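J.: I'd like to ask you about the structure that follows.
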């Protein structure tokens, strides 16, 4: 199972303990608010050699200010500018949020940045235009961008945009399969929601899917459910004990 990285969306236990079991983590704090750069440097310095960080892009880029997730935003936003946030709008506020996201990712040494959209980001012509404008305008540097579309998007629409904008189609494999991207990036949210524990049978099925695709340029299996710590460890142990099918 070389080349497959398994981890959690967030440090579900102490960082020291986490580093003992996994070689990748997806940072979630960056979605709610961008921490101080010093924290990125601290995490990078304390992590073992070869450990990889990925991050979730700031919600000010992807989510409108009406999103309940803004309750966890620590800084206060100008009330007269609230309409300028989210949905990849071509505003100074969105591009400023990207600049902070990029700065934190660079300090952390993160290569992959996940842009998760709310279900309310529908496949309208305006949203598609905003998406294209955003990814065609920002500096890509050495980053790899993963787009997690949710809601009413059809696979063909997602494939077309990912190919046009050089994005990874980030998916939960229990819901659908990715349409584009040399690197596979799976985020497992629980089959019935966040409060979920995967069964042994489901993890075995997941392993079969991994084995079918493990020749890709890169492969990430990231758990994002209440039992992520235990499920990710069980899945990693399963990959060690079972020969490739």
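J.: Go through the stretch 109-145 and give me each residue that's free of Cβ contacts under 8 Å to residues at least 40 places away in the same chain and under 30 Å from residue 49 (Cα atoms).
T.: Answer for the stretch 109-145, where residues must be free of Cβ contacts under 8 Å to residues at least 40 places away in the same chain and under 30 Å from residue 49 (Cα atoms): 139, 140, 141, 142, 144, 145.
J.: For the stretch 1-75, which fully contained helices (runs of 4 or more DSSP H) count at least 3 residues that are touching a helix residue (DSSP H, G or I) at 6+ places or on another chain (Cβ under 7 Å)?
T.: Counting at least 3 such residues, we get 29-32, 37-46, 59-62.
J.: Is it true that residue 135 is out of contact with any helix residue (DSSP H, G or I) (no Cβ under 6 Å at 6 or more places or on another chain), at pLDDT 95 or above and under 16 Å from residue 58 (Cα atoms)?
T.: Taking the combined requirement at face value, the residue does not satisfy it.
J.: Separate question: Please go through the stretch 121-137 and give me each residue that is surrounded by fewer than 18 Cβ atoms within 10 Å (Cβ to Cβ) and part of a helix (DSSP H, G or I), ordered by number.
T.: Result: 125, 126, 127, 128, 129, 132, 133, 136, 137.
J.: Search the stretch 178-198 for residues that are farther than 13 Å from residue 220 by Cα and pair each with any residue that is surrounded by fewer than 14 Cβ atoms within 10 Å (Cβ to Cβ) when their beta-carbon atoms are under 6 Å apart and the residues are at least 6 apart or on different chains.
T.: Going by the 6 Å Cβ cut-off, the qualifying pairs are 180/163.
J.: Restricting to the stretch 175-204, name every residue that is modelled with pLDDT under 95, touching a strand residue (DSSP E or B) at 6+ places or on another chain (Cβ under 8 Å) and either surrounded by fewer than 14 Cβ atoms within 10 Å (Cβ to Cβ) or in a loop (DSSP other than H, G, I, E, B) (or both).
T.: Selection gives 177, 178, 179, 180, 181, 182.
The values are calculated or read from the model by the stated rules, or taken from the named source; none is laboratory data. Predicted model, so just to flag it, every value in this text is computed and none were measured. Ideal geometry is used to build each Cβ from the backbone, glycine not excepted, and the neighbour counts take in all protein chains shown.
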